[in-house]
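These notes concern the structure reproduced below.
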Amino acid sequence: HGSTFGGNPLASAAGLAAIETYQADGLIERSAVMGDHFLRRLREELADVVLVRDIRGIGLMLAVELRQKAGSYLRALMEEQGVLALPAGPNVIRFLPPLTITEDEVGIGVQALRTVLQQ
């Protein structure tokens, strides 16, 4: 497998700078902590929502599985709330936030999903 940027000094420098930033800012460790926080908030806030079948996640990759096919429709409603989420199949909404997400931003995302699911 080859690529136009493989071995390119500029691409290599950018990749190295990204790795150094991840390490210096503790972003990998932080993603585990924030992922746990996001998952806990989703489970707390959506525990009573009948439409939700399952809530799961690994790090900052999270998914809310629904009992009905509504993934794309809910994604559009989430966007209206100012939150980007992706459908993952017909009945799953997934979140892939940046490694720098804050607790306040997690709260905004969770509340937006709760609002949309209650509509």
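If you go through region 75-85 one residue at a time, do you hit one that is at pLDDT below 95 and among the basic types (Lys, Arg)?
Step one: list which residues in region 75-85 are at pLDDT below 95, which gives 75-85.
This time we only want the ones that are among the basic types (Lys, Arg), so: 75.
Checked region 75-85: at least one residue is at pLDDT below 95 and among the basic types (Lys, Arg).
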### Query
Which numbered condition trips up residue 53, out of (1) over 29 Å from residue 22 (Cβ atoms); (2) assigned to a helix (DSSP H, G or I)?
(2)
### Task
Report whether or not residue 41 is surrounded by 15 or more Cβ atoms within 10 Å (Cβ to Cβ), among the basic types (Lys, Arg) and modelled with pLDDT under 95.
no
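Quick one: in region 61-72, which of the residues that are over 15 Å from the mean Cα position of the chain (by Cα) and either acidic (Asp, Glu) or loosely packed, with under 15 Cβ neighbours inside 10 Å (or both) is modelled with the lowest pLDDT?
Initial filter on region 61-72 (over 15 Å from the mean Cα position of the chain (by Cα)): 66-70, 72.
Now restrict to residues that are either acidic (Asp, Glu) or loosely packed, with under 15 Cβ neighbours inside 10 Å (or both): 67-69, 72.
Numbers: 67: 93, 68: 91, 69: 91, 72: 79.
Among residues in region 61-72 that are over 15 Å from the mean Cα position of the chain (by Cα) and either acidic (Asp, Glu) or loosely packed, with under 15 Cβ neighbours inside 10 Å (or both), the one modelled with the lowest pLDDT is 72.
So that you can scan it fast, the table gives a plain yes or no per residue for (1) assigned to a loop (DSSP other than H, G, I, E, B); (2) among the small types (Gly, Ala, Ser); (3) touching a Ser or Thr at 6+ places or on another chain (Cβ under 9 Å):
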site	(1), (2), (3)
13	no, yes, no
18	no, yes, no
23	no, no, no
28	no, no, no
32	no, yes, no
36	no, no, no
41	no, no, no
44	no, no, no
47	yes, yes, no
### Message
Can you report the number of residues in region 41-70 which are farther than 12 Å from residue 116 by Cβ, of a type in the set (A, V, I, L, M, F, W, C) and touching a strand residue (DSSP E or B) at 6+ places or on another chain (Cβ under 6 Å)?
### Response
4
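Answer yes if at least one residue in region 21-38 is in contact with a Lys or Arg (Cβ under 8 Å, 6 or more places away or on another chain) and either surrounded by 12 or more Cβ atoms within 10 Å (Cβ to Cβ) or acidic (Asp, Glu) (or both), and no otherwise. Talk me through it step by step, then tell me what you get.
Going through region 21-38, the residues in contact with a Lys or Arg (Cβ under 8 Å, 6 or more places away or on another chain) turn out to be none.
Scanning region 21-38, I find no residue that is in contact with a Lys or Arg (Cβ under 8 Å, 6 or more places away or on another chain) and either surrounded by 12 or more Cβ atoms within 10 Å (Cβ to Cβ) or acidic (Asp, Glu) (or both), so the answer is no.
The values are calculated or read from the model by the stated rules, or taken from the named source; none is laboratory data. Note that the coordinates shown come from a computational prediction; the quantities given were computed from them, not determined experimentally. Backbone-built Cβ (ideal geometry, glycine too); neighbour counts: all protein chains shown.
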